[in-house]
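Participant: Shown below is the structure under consideration.
The values are calculated or read from the model by the stated rules, or taken from the named source; none is laboratory data. Fair warning: this is a prediction, and the values are worked out from it, not measured in the lab. All Cβ positions, glycine included, derive from the backbone under ideal geometry; neighbour counts span all protein chains shown. Surface areas here come from the heavy atoms of the whole protein model, side chains and all, with no ligands, DNA or RNA. Shrake-Rupley method; radii C 1.70, N 1.55, O 1.52, S 1.80 Å.
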Amino acid sequence: MRIVILGPAWPYRGGIAVFNERLARQYQAEGNEVEIITFTLQYPAFLFPGKTQFSGEPAPEGLPISRRMNAINPFSWLSTGRYIRRRKPDLIVSAFWLPFMAPCLGTVLRCARHKGTRRVAVLHNLIPHEHRIGDRQFASYFIHSNDAFVTLSRSVLDDIDRFDPKHRRPRTYSPHPLYDHYGATLTPAEARRAIGLREEGRFVLFFGFIREYKGLDLLLKAMADERLERMDVRLIVAGEFYGDPKPYHELVNRLDIGGRVALHTEFIPDHEVNRYFCAADIVAQPYKSATQSGVSQIAYHFERPMLVTNVGGLPEIVPDKKAGFVVEPDPQQIADALVRFYTEDWAARLTEGVREEKQKYQWEHMTEAISKL
């Protein structure tokens, strides 16, 4: 088949770009002709909460990536749509994660429509964690620009009913596949040396962009539990602040846990990701709201148990007491789970469960789900 993947890709960074590039490689491995079409401008600088939108990694080898769309220039939307239509692809797979992108992506898809071309959207998120005026209208425009949908969580699958209650467009759920391209597995001692930590000890990892809904404040409060202090359990925070860092620093100081919290609060480049996951005993995702998380799929790849909160699609991905612990977004419950992990010899059992569960998250399952639509 001739396939176009529409959305973020190199030179942009972030989980959606990584997803699109990995999906393209899977399609190539299955013998398809693939082109990724991405942005010339993704976000205006004043709307982007981080330090930079761009990757510091070299361009991925063997992936045709074409920069054509400007997220705020309608003329580029029309020209990109016409370009795709001339190529007559069998399939357009678009990534959707934010209503802000709906006018751009939706218009491209409408202009690209051609007899014989199927437009399937992979919905990473539909209703944002942080609501803005116009979200519903923009999301509706995008939904009605597609023929079918794959969601990465059942909660997002249900969200489609708000815009297509009569199920005129087919949809299916297929869980987020593994992120399996972040390098070799290291020993904990090797990984800890590489990021400047002591080789021995107990380490919990919080990984990814730091936003209010991800609940780092809950985890910091949990770390102040005197039981974790007595066991000298330490926390690694690895990821860039997407918001004001001051409240988190103040919380660390107020709780007097600075000696047990290692703040690596910058964007973690791809070639360093393995260091952080391999340094940790368990990966914590104390989210206050969620759909799904690519962090879980990195943890699965490096075979690290997880502690997740009972929100969105997280419990679907991390079965309680098999691949990790599922708790409510509450500091006491988070602390209790960590104490249990370190005092009841759960590490070996959960690691074995992670190895078993990870088999569900191969990339061929995603391409198969899209094909079935």
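Participant: Got a sec? What order do 124, 167 fall in by accessible area at 1.4 Å, biggest, i.e. largest, first?
Facilitator: Details: 124 10, 167 100 Å².
The residues order as 167, 124, largest area first.
Participant: Take every DSSP beta bridge whose two residues both sit in the chain, then give the antiparallel share in percent to the nearest 5.
Facilitator: On the way: 1 of 49 bridges.
Restricted to the chain, the bridges split so that about 0 percent are antiparallel.
Participant: How would 301, 144 rank on accessible area, largest to smallest, probe 1.4 Å? If you can, show how the numbers build up before the last one.
Facilitator: Numbers: 301 40, 144 75 Å².
The most accessible residue leads, giving 144, 301.
Participant: For the chain, which whole-number percentage of the solvent-accessible area (1.4 Å probe, protein heavy atoms only) is attributable to carbon and sulfur atoms? Mind showing how you got there, number by number?
Facilitator: Details: 7690 of 15530 Å².
Carbon and sulfur atoms account for 50 percent of the accessible area of the chain.
Participant: Report the far tail of the P(r) of the stretch 1-58, meaning the percent of Cα-Cα pairs longer than 15 Å.
Facilitator: Values: 864 of 1653 pairs.
That tail contains 52 percent of the Cα-Cα pairs.
Participant: Turning to a different aspect of this structure: Over the chain, what is the mean sequence separation of C-alpha contacts under 8 Å (at least six apart), divided by residue count, expressed as relative contact order in percent? Intermediate results must be reported in sequence, preceding the final value.
Facilitator: Details: 734 pairs, mean separation 53.9, N = 373.
Worked out over the chain, it gives 14 percent.
Participant: Largest first, please: the extent of the C-alpha atoms of the stretch 139-183 along each principal axis, to the nearest Å.
Facilitator: 43, 19, 15
Participant: Let me know the Kirkwood hydrodynamic radius for the stretch 65-112, please, with Cα pairs as the basis and the value in Å to one decimal.
Facilitator: Values: mean 1/r = 0.0920 Å⁻¹.
Averaging 1/r across every pair of different Cα atoms and inverting gives 10.9 Å.
Participant: Whole number in Å², please: accessible area per residue of the stretch 280-373, 1.4 Å probe, ligands, DNA and RNA not counted. Before the final figure, lay out each step's value.
Facilitator: Working: 3370 Å² over 94 residues.
Per residue, the stretch 280-373 has 36 Å² of solvent-accessible surface.
Participant: A further question on this structure: Would you list 69, 1 from the most to the least accessible area, probe 1.4 Å? List each step's numbers first, then the result.
Facilitator: Numbers: 69 0, 1 110 Å².
The residues order as 1, 69, largest area first.
Participant: Let me ask something else. Return one whole number: the accessible area per residue of the stretch 1-121 in Å², for a 1.4 Å probe.
Facilitator: Details: 5140 Å² over 121 residues.
Spelled out: the 1.4 Å probe surface of the stretch 1-121, per residue, equals 42 Å².
Participant: Hey, could you get me the Stokes-Einstein D for the stretch 278-370, Kirkwood radius over alpha-carbon pairs, 10 °C and 1.306 mPa s, rounded to whole µm² s⁻¹? Intermediate values should be presented prior to the final figure.
Facilitator: Details: Rh = 13.4 Å.
Approximately 119 µm²/s, per Stokes-Einstein.
Participant: Shifting gears a bit: Can you divide the C-alpha Rg of the chain by 2.2 N^0.38 Å and report the result to two decimal places? Could you put the intermediate results ahead of the total?
Facilitator: Numbers: Rg = 20.8 Å, N = 373, 2.2 N^0.38 = 20.9 Å.
Relative to the 2.2 N^0.38 Å estimate, the chain comes out at 1.00.
Participant: Check each of the GluC sites (Glu not before Pro) in the stretch 147-206 and keep only those in coil by DSSP with at most 10 other C-beta atoms within 10 angstrom; list them in order.
Facilitator: On the way: sites: 190, 199, 200; in loops: 199, 200.
Within the stretch 147-206, the qualifying GluC sites (Glu not before Pro) (loop, at most 10 other Cβ atoms within 10 Å) are 200.
Participant: Hey, if you put +1 on the Cβ of every Lys and Arg and -1 on every Asp and Glu Cβ in the stretch 31-187, which of 58, 176, 84 ends up farthest toward the positive end of that dipole?
Facilitator: Toward the positive end, the furthest listed residue is 84.
Participant: Relative contact order, percent, of the stretch 20-82 when contacts are C-alpha pairs under 8 Å separated by at least 6 residues? List each step's numbers first, then the result.
Facilitator: Values: 56 pairs, mean separation 24.1, N = 63.
It comes to 38 percent, rounded to a whole number.
Participant: Sort out for me the Cα centre separation of the stretch 311-335 from the stretch 34-103, rounded to whole Å.
Facilitator: 34 Å
Participant: Can you give me the solvent accessible area of residue 322 with a 1.4 Å probe, rounded to the nearest 10 Å²?
Facilitator: Approximately 70 Å² of residue 322 is accessible to the 1.4 Å probe.
Participant: Give 166/358; 88/166; 221/246 a once-over and call out the pairs whose C-alpha atoms are over 25 Å from each other. Present the calculation step by step, with values, prior to reporting the outcome.
Facilitator: On the way: 166/358 34 Å; 88/166 29 Å; 221/246 16 Å.
Long pairs (Cα-Cα over 25 Å): 166/358; 88/166.
Participant: Now a separate question. Apply the Karplus parameterisation 6.51 cos²θ - 1.76 cosθ + 1.60, with θ equal to phi minus 60°, to every residue of the stretch 38-45 and state each ³J(HN,Hα) to the nearest whole Hz, in sequence, with x for glycine and proline.
Facilitator: 10, 9, 8, 9, 8, 10, x, 4
Participant: Still on this structure, please answer the following. Long-range amide H contacts for residue 235: which residues qualify at under 5 Å (H placed 1.01 Å from N, peptide plane, sequence gap of 5 or more or a different chain)?
Facilitator: Close amide H contacts, sequence-distant or interchain: 204, 261, 262.
Participant: Using just the helices of the chain, give the 222 nm mean residue ellipticity in deg cm²/dmol: DSSP H runs with n ≥ 4 each add -39,500 (n - 2.57), and the total is spread over all residues, rounded to 500. Please report the intermediate quantities before stating the final value.
Facilitator: Numbers: 15 runs with 138 residues, N = 373.
Theoretical 222 nm ellipticity from helices: -10500 deg cm²/dmol.
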